[in-house]
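Only the coordinates and a few stated rules stand behind these numbers; no lab work does. Remember, it's a predicted structure, so these values are computed and weren't measured experimentally. So basically every Cβ, Gly included, is an ideal-geometry build from the backbone, and we count neighbours across all protein chains shown.
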Amino acid sequence: MLNKYPHMIEEIYLAKEIDKKLFSRLVKLNVEIKKPDNKKAQALARGGNHQGFLLKVKDYEFTSFSEIKDGDFVLVLAGVTDVGNIGAIIRSAYALGVSGIVISMVNQISAEGIMRSSSGAMLDMPVSLSKDIVTVINELKQSSFSVYGAHMSGEDVRDLKFEGKKALILGSEGMGLTNRVLNMCDKKIKIKMQREFDSLNVSVASALLCDRMR
């Protein structure tokens, strides 16, 4: 944040002493620096691990879906609500070359929580919100995307080749993808297990699939 997005920093909270060189950089930002006690700092972190250093930043602006469709590798999260998982997904997706992410089938989402759990990767990854996944899939197909749904009954991702514009759809760990969504996909894919097990954490599965598909 300090190196790439200093313009987004509105306030700085220091609950402990920091390196003098770092403090000098913070002063040059010309924003207010506050020094809360540990109890106040923990309240500001809202349960997160603040390590004595917190920033108040400008509100995150989600990307329009029309811009997401300009990419060539889109990840769609269908009903995934845990901000920790979403943040981890965004972090690995950014590292693995995904061009944009759509969070779908959720009523509310905490951009602040996702930002924190993504370690800031959310600022570099275009993320869009859309409640209607049917529309999302239809528009992706109309934009020449091949749509792949993650499901235990799918083909082993290692046996497939992925060319052209592609979209991967992942469901929540509890519910997975609905039959309606699966029927709209061009193909179902899975991670073949070496040992018998029902599923992987959704963020781990996302990273493995994205790595195989890129």
√(5λ) per eigenvalue of the Cα gyration tensor, segment 155-214, largest first, Å: 17, 16, 11
Within the chain: Cβ-based charge dipole about Cα centre, in debye rounded to nearest 20 (Lys, Arg +1; Asp, Glu -1): 540 debye
Extreme residue, positive dipole direction of the chain, given options I169, Q194, L54 (C-beta unit charges): L54
Residues of segment 97-126 with amide N under 12 Å of the 7 Å Cα→Cβ point at Q142: none
In nm, spacing of pseudo-spin labels at I33 and D186 (7 Å Cα→C-beta vector): 5.3 nm
Two-decimal ratio, segment 14-117, of alpha-carbon radius of gyration to 2.2 N^0.38 Å: 1.34
Globularity index of segment 65-213, i.e. its alpha-carbon radius of gyration over 2.2 N^0.38 Å: 0.95
Cα shape, segment 83-144, gyration tensor, a/c 1.5 rule: oblate
Loop sites in segment 152-214: GluC sites (Glu not before Pro), DSSP, at most 11 other Cβ within 10 Å: E163, E196
Amide H within-cut-off set for I169, under 5 Å, with H built and near neighbours excluded: V76, Y148, G149, A150
Burial ordering of R46, R116, fewest other beta-carbon atoms within 10 Å first: R46, R116
With Cα atoms, 0 to 90° folded angle of helix 133-142 axis to the chain main axis: 70 degrees
Interatomic Cα distance distribution for segment 114-184, bins of 5 angstrom, percent: 3, 12, 20, 21, 20, 17, 7, 0
